[in-house]
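Structure record follows, encoded as structure tokens.
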Amino acid sequence: MTEAKREHWDAVYRTKAADSVSWYQPTPEPSLRALDALQLPVTASLIDVGGGASSLVDRLLERGWSDLTVLDIAAPALDVAKARLGDEAARIAWMIEDVTVWRPGRQYDVWHDRAVFHFLTEREQRLAYRRALETGTAPGSAVIIASFAPDGPERCSGLPVERYDAAALAREVSSAFALQRDWREEHTTPGGGRQSFQWCVFRRR
């Protein structure tokens, strides 16, 4: 299954420009606002799960963050980000991994996932994600997850998705994480479409 998923996402980034995929954001404003609200020091460690070609780490480097990791199943997506960052790419830890089989080797102060969780349509996948999440965080760690909202798309990039409100996302991550904030975002795609996202910020108990 992992290899099939890897081939799918590799093909997406080999056949489409990074700024044309539906989840593209010129600036990751919702993520930055969520981080601003947490008032974390720039010495905090952050992992961007499914970060791919996102410019979140670019913006965080500009703000002085120094302990940043990007995990994605698609090497071509990470290559886009590395090329964009140039020499600055050496300051990021890049990981080509499927989060549902990955075993974190450390814990992070912030776990950020803007659009991975809603692709996990099987219960076993979600349980595997939760195991990685619990291993990769410690008491006090912040967890930021965005997924399609109940009125969001039923499919994305040719794949079915699950849709969540805040209560459903809280059930999925388990009682080990306390929901602190939630809000909706209407994302505008590069093609002008609208997608409803549910954002949640949790704190590891």
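Could you check how many percent of all C-alpha pairs in the range 2-204 are farther apart than 25 Å?
Cα-Cα pairs in the range 2-204 separated by more than 25 Å: 31 percent.
Between S20 and A90, how many nm apart are label points set 7 Å from Cα along the C-beta direction?
3.4 nm
To the nearest 20 Debye, how big is the dipole of the range 2-204 about its Cα centre, given +1 on the beta carbon of each Lys and Arg and -1 on that of each Asp and Glu?
Numbers: 25 positive and 29 negative charges, 61 e Å.
I would put it at about 300 debye.
Report the gain in length on full extension from H8 to E29: 0.36 nm times residue separation, minus Cα-Cα distance, nm rounded to one decimal. Walk me through the intermediate numbers first.
Numbers: separation 21, 0.36 × 21 = 7.56 nm, distance 2.75 nm.
Here the segment from H8 to E29 would lengthen by 4.8 nm.
Indicate the gyration tensor shape class of the range 114-169 (rounded, prolate or oblate), computed on the Cα atoms with a ≥ b ≥ c the square roots of the eigenvalues: a/c under 1.5 is rounded; otherwise a/b larger than b/c is prolate and the rest oblate.
prolate
Can you find, among Y13, L61, P190, the residue sitting farthest towards the positive end of the charge dipole of the range 2-204, where Lys and Arg contribute +1 and Asp and Glu -1 at Cβ?
Ranked along the dipole, the leading option is L61.
At what distance in nm do the modelled label points of A83 and R205 sit from each other, each positioned 7 Å from its Cα along Cα→Cβ?
My value for the distance between the label points is 4.6 nm.
All of the numbers you see were taken from the coordinates with simple rules; none came from a lab. Not measured: the values here are computed from a predicted model. When we count neighbours, we look across all protein chains shown, and the Cβ atoms used for this are built from the backbone with ideal geometry, even at glycine.
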